[in-house]
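The values are calculated or read from the model by the stated rules, or taken from the named source; none is laboratory data. Predicted model only: the values in this text are computed from it and were never measured. Using ideal geometry, Cβ is built from the backbone for each residue, glycine included, and neighbour counts are taken over all protein chains shown. Each accessible area value is taken on the protein alone, full model and side chains, heavy atoms only, with ligands, DNA and RNA left out. Shrake-Rupley method; radii C 1.70, N 1.55, O 1.52, S 1.80 Å.
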Amino acid sequence: MTNSAPHSPRLAPLIVISILLITILAACGKKGPVRPELAALPAAPTQLQIAQQGEDFLVSWTIPARNEDGNPAEDLLGFHVYRLIYNAAEGCPTCRDPEELVAAIALAHPDPAVRLGKRVYWRDEAVTPGTGHAYLVVPVTVGGHEGSGAGTYRAWLRPPPAPATLQAEAGDQQVRLTWTPPPALPDGQLLLGYNLYRRTAAGAFPPVALNAEPLREPLLTDLVGEAGREAVYRVTTLVRSGELLVESAPSPEVTVTPQGAR
């Protein structure tokens with residue numbers, strides 16, 4: 001027969017309460033800075049593309065509208081563009097992350113980039129023939145925090161010759177433009193057409209052409225709308241080389257002033 005000590009039904013609850021009080025008092029004795037919760041970062045840019053225009057690469061992307069958690073990207077300040085240059089014939093564009101910061105773009109004042117609606121365009125004019133370039137575009141918040149980036153790459157290809165003898169004839173609120181196709185294209189290049197660009201006398205040429213699709217014929221009538229306002233034009237050749245599109249350097253510019261309606 002085993003003897004046992006008398007059992008008190010109130011003893012167990014008192015022990016539990018005592019342990020809780022000791023834990024709470026110990027926690028209250030610890031003091032330190034309160035760490036604020038880090039705000040959600042912007043989502044990565046979308047539709048990142050590289051277009052070759054002459055010797056340059058034109059990098060473009062769509063501005064993210066939301067953060068990674070789905071809320072509006074209200075703290076988005078701009079973007080950092082990182083670059084990696086590799087050997088186009090032997091290099092591996094995805095073996096290393098681009099680490100050279102080549103552009104810091106603020107959405108409020110995007111220069112040297114250009115913002116058109118929801119798209120941002122930045123031109124890399126330091127491209128060496130025969131190389132490949134990989135880019136990483138990273139969103140940056142007001143507090144300087146970087147979100148997830150988007151990356152892409154392409155190799156530099158020999159551009160086609162530019163069209164020649166661009167001419168402009170002013171009409172009633174319109175301009176008729178004609179040019180001479182390049183005499184010959186390098187081997188492996190297929191002519192797709194031409195891109196026409198227009199600017200005002202005091203402005204800069206936009207990064208995108210007037211025409212939504214390549215012009216198949218060497219002519220275009222531009223309905224510029226405002227008579228008496230000087231306009232400046234230039235045209236490029238667009239070809240396909242393998243799986244890539246390549247645009248020529250622009251032709252010499254031509255300036256014309258549309259006439260008023262008669």
Within the set of pairs 6+ apart or on separate chains, which have a first residue in the range 26-55 that is at positive phi, a second that is of a type in the set (A, V, I, L, M) and at pLDDT 95 or above, and C-beta atoms under 6 Å apart? Gly54/Ala249
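Here is a yes/no grid of residues against (1) over 18 Å from the mean Cα position of the chain (by Cα); (2) closer than 22 Å to Gln47 by Cβ; (3) open to solvent by 40 Å² or more (accessible area, probe 1.4 Å); (4) modelled with pLDDT under 95:
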| position | (1), (2), (3), (4) |
| --- | --- |
| Pro129 | yes, no, yes, yes |
| Tyr135 | no, yes, no, no |
| Pro139 | no, yes, no, no |
| Arg158 | yes, no, yes, no |
Failed condition for Arg240, given (1) at pLDDT 95 or above; (2) open to solvent by less than 20 Å² (accessible area, probe 1.4 Å), with all others met? (2)
Within the range 113-127, the residues that are of a type outside the set (Asp, Glu) and surrounded by 11 or more Cβ atoms within 10 Å (Cβ to Cβ) are Ala113, Val114, Arg115, Leu116, Lys118, Arg119, Val120, Tyr121, Trp122, Arg123, Ala126, Val127
The residue that is nearest to the chain's Cα centre (by Cα), considering only those in the range 67-81 that are open to solvent by 40 Å² or more (accessible area, probe 1.4 Å) and in contact (Cβ under 8 Å) with a residue 24 or more places away in the chain, is His80
The conditions are (1) aliphatic (A, V, I, L, M); (2) at pLDDT 95 or above; (3) open to solvent by 40 Å² or more (accessible area, probe 1.4 Å), and Ala89 fails exactly one of them. Which is it? (2)
Of everything in the range 141-156 that's more than 29 Å from Glu55 (Cβ to Cβ) and either more than 15 Å from the chain's Cα centre (by Cα) or among the aromatic types (Phe, Trp, Tyr) (or both), which residue is least open to solvent (accessible area, probe 1.4 Å)? Thr141
With Pro214, Pro206 as the choices, which residue is under 17 Å from Tyr121 (Cβ atoms), out of contact with any Ser or Thr (no Cβ under 8 Å at 6 or more places or on another chain) and open to solvent by less than 50 Å² (accessible area, probe 1.4 Å)? Pro206
